[in-house]
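Comments concern the structure below.
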């Protein structure tokens with residue numbers, strides 16, 4: 001079973017933990033409790049292939065952003081989370097995206113999924129769907145509008161990221177070692 005590590009980034013209070021816990025435990029976290037760092041592991045089947053996904057839920061508070069560089073270096077895929085009800089949170093995601101490319105390399109094909117949360121709060125929405133379509137095309141990353149509370153599109157986010165990571169980090173075939181006395185070797189007696 002292949003293992004992948006994903007890092008969940010975004011501003012404080014946008015719903016990173018709610019999204020992550022909904023995916024991992026299929027529960028909705030009602031109360032906001034600022035996260036410093038939480039690590040989860042869950043088996044996931046995508047397109048008939050089983051994988052183990054390790055998800056690192058990071059802090060959104062500014063005092064912990066120094067850890068971002070460590071997370072970016074170790075992460076293989078990234079979920080950039082903003083709130084559909086808070087347009088300013090989209091700018092934080094753009095800053096994180098730029099930091100990821102700065103550390104991973106501008107030309108690297110980094111697996112990234114852009115996620116707008118709180119889709120169920122339609123009356124409070126500040127980020128228009130059409131602007132996300134344009135932004136997604138410009139950045140070259142898929143986006144999802146989700147609701148952890150209603151469990152809308154949550155699984156799709158993680159499945160998309162796993163597909164991207166599988167494509168970006170293919171299985172390396174085992175290099176055949178030459179065995180001095182193995183099959184196909186010849187013994188010469190003189």
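Of the conditions (1) modelled with pLDDT of 95 or more; (2) surrounded by fewer than 16 Cβ atoms within 10 Å (Cβ to Cβ), residue 81 fails just one. Which one is it?
(2)
For the subset of region 106-121 comprising residues that are surrounded by fewer than 18 Cβ atoms within 10 Å (Cβ to Cβ) and more than 18 Å from residue 19 (Cβ to Cβ), which member is modelled with the highest pLDDT?
Across region 106-121, the extreme among qualifying residues is 109.
Here is a yes/no grid of residues against (1) part of a helix (DSSP H, G or I); (2) in contact (Cβ under 8 Å) with a residue 12 or more places away in the chain; (3) in contact with a strand residue (DSSP E or B) (Cβ under 9 Å, 6 or more places away or on another chain); (4) closer than 22 Å to residue 12 by Cα:
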{"site": "90", "(1), (2), (3), (4)": "yes, yes, yes, yes"}
{"site": "106", "(1), (2), (3), (4)": "no, no, no, no"}
{"site": "127", "(1), (2), (3), (4)": "no, yes, yes, yes"}
{"site": "144", "(1), (2), (3), (4)": "no, yes, yes, yes"}
{"site": "150", "(1), (2), (3), (4)": "no, yes, no, yes"}
{"site": "164", "(1), (2), (3), (4)": "yes, yes, yes, no"}
{"site": "171", "(1), (2), (3), (4)": "no, yes, yes, no"}
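Among the listed residues 128, 172, identify the single one that is modelled with pLDDT of 95 or more, under 23 Å from the mean Cα position of the chain (by Cα) and over 17 Å from residue 80 (Cβ atoms).
Only one candidate qualifies: 128.
The values are calculated or read from the model by the stated rules, or taken from the named source; none is laboratory data. Values in this document were obtained by computation on a predicted structure and should not be read as measured data. We place every Cβ from the backbone using ideal geometry, glycine too, and count neighbours over all the protein chains shown.
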